[in-house]
Amino acid sequence: MAGRVHLVSILATGGVFLVVFELVRRRRLLERYAIIWLAASLVLLVLAVWQELLTRLAHLVGIFYPPTALFAIAIGAIVPLFLLLQFT
């Protein structure tokens, strides 16, 4: 994975993790919902850091460029979940 793309993906997924953690700390998000959010952001962070796993998943699904798979997963999962986060 290209250096900049790798760094951006790690920072973006780490940012999601920190935002959820901060919402729990400020008591704007209940702990029972936070576990799901932290798990989802942790999965994305693992995929961003562990390049070989991301490459295997991308090829399994038929995506040629692995960072595209990471962002497809993030957009497909995190964007709708942000709407749910707003409601929870």
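Annotations for the structure displayed:
- Straightening the chain between Leu38 and Phe21 buys 5.4 nm, computed as 0.36 nm per residue apart minus the Cα-Cα spacing.
- Loop-located trypsin sites (Lys or Arg not before Pro) in region 5-88 whose Cβ has at most 13 other Cβ within 10 Å (DSSP): Arg26, Arg27, Arg28
- Excluding exposed DSSP-loop chymotrypsin sites (Phe, Trp or Tyr not before Pro) (at most 15 other C-beta within 10 Å), longest clean stretch of the chain: 1-49
A short reminder: the numbers here are calculations on the coordinates, not readings from a lab. Treat the numbers as computed from the prediction; the structure is a model and nothing was measured. Virtual Cβ from ideal backbone geometry, glycine too; neighbours counted across all protein chains shown.
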